[in-house]
1. Please turn the phi angles of the range 73-82 into ³J(HN,Hα) values with the Karplus equation 6.51 cos²θ - 1.76 cosθ + 1.60 (θ = phi - 60°), one per residue in order, whole Hz, x for glycine and proline.
2. With a 1.4 Å probe and all protein chains in place, put Arg393, Arg279 in order of accessible area, largest first.
3. Counting only the heavy atoms of the protein chains, how much of Leu112 is accessible to a 1.4 Å probe, in Å² to the nearest 10?
4. How many nm is it between the label spots at Ile238 and Met327, if each spot is 7 Å from the Cα in line with the beta carbon?
5. What accessible area, in Å² to the nearest ten, does a 1.4 Å probe give for Trp28?
6. What is the ratio of the Cα radius of gyration of the range 101-191 to 2.2 N^0.38 Å, where N is its residue count, to two decimals?
7. Which value, in Å to one decimal place, does the Kirkwood hydrodynamic radius take for the range 271-326 when every pair of different Cα atoms is included?
8. Given the whole protein assembly as supplied and a 1.4 Å probe, what does the accessible area of Arg374 come to in Å², nearest 10?
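The values are calculated or read from the model by the stated rules, or taken from the named source; none is laboratory data. Just so we're clear, the structure is a prediction, and the values are computed from it rather than from any experiment. Counting neighbours? That spans all protein chains shown, and the Cβs are built from the backbone with ideal geometry, glycine included. What goes into the accessible areas is simple: the full protein's heavy atoms, side chains included, and nothing from ligands, DNA or RNA. Shrake-Rupley method; radii C 1.70, N 1.55, O 1.52, S 1.80 Å.
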Amino acid sequence: DAAATTIDVANDCKTAGEAFQSQFPVSWFVSKDLDKARAIVQQAPKERQSEALQEVYRLTKLADLSGIEASHLERYLADFCAMYVERPRSLPKQKQEHLLKAILERSNEGELKSILEIHRHFWSQEHEVTFCCNLVAAAPAAIEGVLKCIAKTDMESMRSRVLLEVQQFLLQHMGEMGQARLTPPERQQAIHDSLTSIRLVLQMSKDCCGIKANSNNTDNNDNNNDDHRSKASSSSLIEIDTELAMQTGPKLKVLELFLEHVPIPEESSGMQPVQKFARDLHNLKSPRSLATMSTIVKASTNCSESRGHIQPFVESWFLEVCLQDLMCVDSLEDGLLDVICNLVAGFPLSLPGTSTEEDYMLQPSESFSLALLRKLLSVSKGTAREEVQKKLRRALKETFELEQHRDTNFA
């Protein structure tokens, strides 16, 4: 008899510090044997990868596993998830398994029927699996909507659709919270948790946009790029990305700034101010409009008698939401662009108060005016830049004329 092979397994679970309980006999040995074929399979043309894996598989002692029962395949998939997919702490193990299965089945365009299909589709979709797990970990309650989204989407637009689903979930969730009575420490923890979730999702959205830009540049220079993408699919993807960039993403950013800058009243029993602001924000036609600015000021004045938090909130909104990039500048309301150019020129801005409050006067500091000018000139291009320069010249001319006026009331 051949001597038994001894293998030192330092950690048979992808998530360090987590106990691994195998549900499928010898799953570790099976997976490691198949992994030896990964490089060979992935070097083959896409249409031949399944055949290439089958050829390698027939040469191994694993061929007897070809008729595995569905219940055993589920157990292998559970072990596979533990061995290959790192699990964020906030994502329950079972939910992670459901995510993995949903993505692999979507890639397979049907139910998984063999161990080979699990490996082959994971090799091609590993980045998507990691992305979706990390995204759902930021908002675990969104799992059901994400699973439904994955089931009806295509692999090309999966990231964008899942991002949109999670962003919309967070906006809706924030608009529905606030009924339960919370102590001040509980409210602070709720705000902290909400901020953490929103920031993680926004950062992943930003990273995803960067990856797409690089991918598009690569595709344009690749003569062998597949032509299977339909015009309808591309058009749909453009609509989703536009929704992410122009609506849900910016609105989620405004909500983050609200939680960051505006103090919730001590007498408030729960999260009603946050709930109301999220609902008002959801109903706005655009997150970059005079109506948004009015909503910000009214919500801020309703939360606190002190108005010291209003100016930092409004300034952050101008710089981080209104002037984020060229697309944002192009989408600004004409009246809002006039307001920004006037602030650059040093004109104060009168912001409408509530029915019981007097108007709030925002006096731009020199550093804020310069920051606005720098943003305007760095992100605007073409006709947008020409329009910005024209409005800036007009505003600066008005400032100069007022400074030259003999009446000190105008200086």
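1. Taking θ as phi minus 60°, the curve returns 5, 4, 5, 5, 4, 5, 5, 4, 4, 5 Hz for the range 73-82.
2. Descending accessible area places them as Arg393, Arg279.
3. So the heavy atoms of Leu112 present about 20 Å² to solvent.
4. The answer from the label model is 1.2 nm.
5. About 50 Å², ignoring ligands and nucleic acids.
6. 1.36
7. Roughly 11.9 Å, rounded to one decimal.
8. Counting only protein heavy atoms, the figure is 150 Å².
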